[in-house]
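Each remark here refers to the structure printed beneath this line.
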Amino acid sequence: MSGAQPEKSSGRRGKAVCTLLLATSMFALLRPAPLHAQETELRGEVSESAILSDQQRKARQLALATQGQQQSANTAQDDAPPRTYLPASAGAVPDDTGTDAATGSIFDPPQATDDTDNPTPPKPRRRPSSAGQNAADQDKTKTGTKTADKSKKKKAATATTDTTQAATDDTDSGTTDQEAANRRTLTVDSADRQKLDPGAERTAAIEGQNKKAEDDPFAPTGVKWGSFVIRPSIEQGLTATTNGDSSSAGTSALLSETALRFTAVSDWRENSATIDGYGLFRETVSGYRVHDAQGRIEGQLNVDLDNELRAIAKLGYEAVPETASSPNAIAGVSTPPLRQTIDGSLGVEKAVGKMQYTLTGAVSHDFYGDAELSDGTTLSQKDQDNTLYTATLRTGYEISPALTPFTEIEVGRRAYDQRIDNEGFERSSTRLGARAGLQLDMGEKLSGEFSAGWLREAIDDKSLEAISGATVNADLKWSPERGTTIGLTGKTTVETTTTAGESGDILYSGRLTAERQIRANLTANAALGLDWRDYVGIDGHDRILSAETGLTWWLNRYAGLTSRVRTEKLTSNLPGRDYTANSIYLGLKVQR
């Protein structure tokens, strides 16, 4: 009996072990598939060392220790290498793996067929540790004397409870390793996708971005009108002057001045167009009587043609009263006559290598209004109406993008509407000129051109001397530092006359300007002017000196206060032409 009792106890212990193994296998088979089974195929190869965590190795050792009598049968399975998970692409690690309860081998979890580009990895599941399993073995030994059914239930419940408790204690220490094993490895193709994906990097909020500072925060914004952006302005102020009309007989006056200006720029994709205009109105408030108005409007169109040709078209209109200092001024007039000019030009540019060619044709027509004399009569000025036709060929060679020397040849014809004037002279003439100059393009630092040459107009009437002389033209802008602009302009003009025995004169005009932005809302400007008029047919000349300085203080982007002080002095060797005029202006400017 004593020998049978140990044998019977040994049989019960073997049945209990078999029951425990069967329950563990059924629990593994009936456990729900992990969430990551719905993911698409993982990427990258994963080695066995990366898959097996510390807890899984402990579970495998526990399974081998509890096999007991089945040691010989399971030896072949233990020696066989576990199946390694082989993902579709390199660099990926499975989120979860299973462990065969019977053999301790690692098996792949079932994969779902749902395709997802960026699946969310599930939370790692906790694994039982070896400590918990050892506690289960001790409980099974203590309860071996009880009945088989009660022993089976208690052992299964005790193993599950103790295993869970032990796994909880061991999981805290092995969480880092488990998370490292479940973390998806960044692959090369996924990194490239993040670079190409515009939404991969989170964009900062609009409020948090630094707004780029404007170059000129008080520049006019303009008004959109069709395909043009128009920038209008109006300026109203008072001028106190010592000479109301800048003449030898002028006296002091307080004048109201109104200036209207606008600029329109096209918003086209290829070609471009600009329109500029101004109007100036002066009216006496008190003192010397002045009542005049003048203005000009001009437009320019640039069109790119085929074969690297570029066309430039210009058209303008100007209305200016005859000034008291003009050589054609009429004495004793109550209202000076109005001189109107319509001009236009068409040019074609072409570049062949470093050579640049420009051919321009221009037409300018001047017509004069009648002069109203102080006695109430009128004097016709129609014998001064004339039209000037010119053609200019310009040839340049680009030494560098910044320097282009050029030469110009000009031919033209001036035709009077009235072939013989009121004094019996034929005033029509033939024009011929030549110039050489240099074009500069150094960006914002220095740009523009200047030239010098000779011009001659031969009058049809042989009794009148031809108008000829040197010509100087310039239009330069220099910026020595940011916020400062220096400008230099020069122009040579032939002025006609109908005075008996005189051919006309050549007027040389030069102007040096400076503008300085003291602050963002405060701008200072200054100008120096020199005019020299050389009469042809008589020994006479005029010299005009002028200086001006001013300030503009912007209250906001749309309104500002402006002021200027000006002085002008004309000196002539002809009688009755000298004068001096000093003035000060204060006004309000509004722009859009």
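The values are calculated or read from the model by the stated rules, or taken from the named source; none is laboratory data. The structure presented is a predicted model; accordingly, all values stated were derived computationally and were not measured. FYI the Cβ positions are ideal-geometry reconstructions off the backbone, even for glycines, and counts take in every protein chain you see. SASA here: full protein model, heavy atoms, side chains in, ligands and nucleic acids out. Shrake-Rupley method; radii C 1.70, N 1.55, O 1.52, S 1.80 Å.
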*In nm, give the distance between the simple-model label positions of A219 and W553, each being 7 Å from the Cα along the Cα-to-Cβ direction.*
2.5
_Apportionment of accessible area to carbon and sulfur, the range 299-458, percent (1.4 Å)_ = 58
*Give, in nm to one decimal, the length gained when the segment between N525 and R482 is fully stretched (0.36 nm per residue of separation minus the Cα-Cα distance).*
14.0 nm
*Where in the range 405-447 is the amide nitrogen less than 11 Å from a point lying 7 Å along the Cα-to-Cβ axis of I399?*
405-406, 438-440
*Extending each Cα 7 Å along its Cβ direction at Q517 and I230, get the distance between those two points in nm, one decimal.*
2.7
*Provide the packing ranking of 438-447, 386-395, i.e. peptides ordered by the mean count of other C-beta atoms within 10 Å per residue, highest first.*
386-395, 438-447
*Whole-percent carbon and sulfur share, accessible surface of the range 491-547, 1.4 Å*: 54
*In square angstrom, rounded to the nearest 10, how much accessible surface does T404 have for a 1.4 Å probe?*
10
*asked:* I'd like the per residue volume of the convex hull spanned by the Cα atoms of the range 494-551, given in cubic angstrom.
replied: 83
_Three semi-axes of the equivalent ellipsoid, the range 293-367, Cα gyration tensor, whole Å, largest first_ = 39, 12, 8
_Can you give me the C-alpha center-to-center distance between the range 217-242 and the range 281-336, rounded to a whole angstrom?_
19
*Express the accessible area of the range 480-583 per residue in Å², computed with a 1.4 Å probe while the remaining protein chains stay in the model.*
52
*Using 7 Å Cα-to-Cβ label points, what is the L561/L373 separation (nm, one decimal)?*
4.9
*If you plug each phi of the range 377-389 into the Karplus form 6.51 cos²θ - 1.76 cosθ + 1.60 with θ = phi - 60°, what whole-Hz ³J(HN,Hα) values come out, in order, with x for Gly and Pro?*
8, 10, 10, 6, 10, 5, 6, 8, 5, 8, 10, 10, 10
*Whole-Å semi-axes of the ellipsoid equivalent to the range 442-592 (Cα gyration tensor, √5λ, descending)*: 38, 21, 12
_So if I average 1/r over every pair of distinct C-alpha atoms in the range 277-324 and take the inverse, what Kirkwood radius in Å does that give?_
14.0
*Work out, in µm²/s and without decimals, the Stokes-Einstein translational diffusion coefficient of the range 354-484 at 10 °C, 1.306 mPa s, Rh from Kirkwood over C-alpha pairs.*
89
*Fully extended, how many nm does the chain gain between I342 and S463 (0.36 nm per residue separation, minus their Cα-Cα distance)?*
40.5 nm
*the range 253-338, Cα convex hull volume normalised per residue, Å³*: 108
*Per residue value of the accessible surface for the range 233-391 (all protein chains in place, 1.4 Å probe), Å²*: 54
*Would you mind calculating the gained length between A436 and T258 on full extension (0.36 nm times residue separation, minus the Cα-Cα distance), in nm to one decimal?*
60.0 nm
*Keeping all protein chains in position, work out how much accessible area V352 exposes to a 1.4 Å probe, and write it in Å² to the nearest 10.*
80
